[in-house]
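Trainee: Before I ask anything, here is the structure I am working with.
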């Protein structure tokens with residue numbers, strides 16, 4: 001089955017700096033890669049997603065890149081703000097689309 | 001905006017007791033999931049449900065677990081005989097199709113004592 005690895009586990013940046021979180025996946029058949037933000041005690045919420053027919057997608061300060069050949073995808077947050085502090089999870093769909101495989105999470109701390 | 005709702009928000013139960021966690025997925029969604037998250041850890045897949053049957057389940061989802069969609073709106077997770085290690089946040093999620101955005105409920109925190 002699919003295996004999703006996520007790095008780093010924790011990331012601390014100064015407000016205004018950029019943050020990059022990286023994930024790799026193993027199943028070349030995976031074709032949908034969402035990123036979720038989870039604030040403490042709350043539900044995971046989708047912040048951006050990308051499909052395998054696209055190499056990059058951007059939404060304001062957030063962007064995701066996908067390299068299908070290398071089987072990795074990354075989340076980029078520019079001009080970070082304290083409210084960006086949360087745990088971020090990457091995910092990939094299974095070959096048969098019956099589930100999402102989640103990465104282990106990255107705790108992002110944006111220092112004011 | 002439509003959302004997935006879960007009840008209760010917090011459940012405390014004694015070891016060995018049965019619990020039922022309830023979820024109301026988004027009405028036009030076709031795929032339903034249960035995930036769990038032990039405190040501070042990753043979100044783990046338990047089971048997916050499509051067309052009124054389980055489509056996939058993980059190793060965690062053993063004979064003590066079952067799911068039901070009894071009335072076309074609710075989607076329940078039952079744990080027959082809870083263990084201490086079942087203590088976790090349980091999230092229900094639904095998707096319109098298998099590879100589209102998953103909407104998560106707010107979770108049920110299950111504490112087994």
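Trainee: Scan region B:96-103 and give yes if some residue there is over 22 Å from residue A:97 (Cα atoms) and assigned to a loop (DSSP other than H, G, I, E, B), otherwise no.
Mentor: no
Trainee: Ok, one more. Which members of region A:32-61 meet the condition of being crowded, with 17+ Cβ neighbours inside 10 Å and farther than 29 Å from residue B:9 by Cβ?
Mentor: If the condition is that a residue be crowded, with 17+ Cβ neighbours inside 10 Å and farther than 29 Å from residue B:9 by Cβ, then A:32, A:33, A:50, A:52 are the ones that fit.
Trainee: Condition first: under 15 Å from residue B:85 (Cβ atoms) and either exposed (fewer than 12 other Cβ atoms within 10 Å of the Cβ) or touching a helix residue (DSSP H, G or I) at 6+ places or on another chain (Cβ under 9 Å) (or both). Now tell me which residues in region B:14-27 satisfy that.
Mentor: B:14, B:15, B:16, B:19
Trainee: Please list, ordered by residue number, the strands (runs of 3 or more DSSP E) wholly in region A:1-84 having 3 or more residues that are within 14 Å of residue A:106 (Cβ to Cβ).
Mentor: A:5-7, A:10-14, A:19-24, A:32-38, A:72-77
Trainee: Still on this structure, please answer the following. Which residue out of B:33, B:50 is under 11 Å from the mean Cα position of the chain (by Cα), within 11 Å of chain A (Cβ to nearest Cβ) and surrounded by 13 or more Cβ atoms within 10 Å (Cβ to Cβ)? Please lay out each step first, then the result.
Mentor: On the way: B:50 fails: under 11 Å from the mean Cα position of the chain (by Cα).
Exactly one residue qualifies, and that residue is B:33.
Trainee: Among the residues of region B:67-101 satisfying the criterion of being out of contact with any strand residue (DSSP E or B) (no Cβ under 6 Å at 6 or more places or on another chain) and within 14 Å of chain A (Cβ to nearest Cβ), which is nearest to residue B:28 (Cα to Cα)?
Mentor: Out of the qualifying residues, it is B:96.
Read-outs throughout are calculated quantities, based only on the coordinates presented, and are distinct from any laboratory measurement. Owing to the predicted nature of the structure, the values given are computational and were not obtained by experimental measurement. We place every Cβ from the backbone using ideal geometry, glycine too, and count neighbours over all the protein chains shown.
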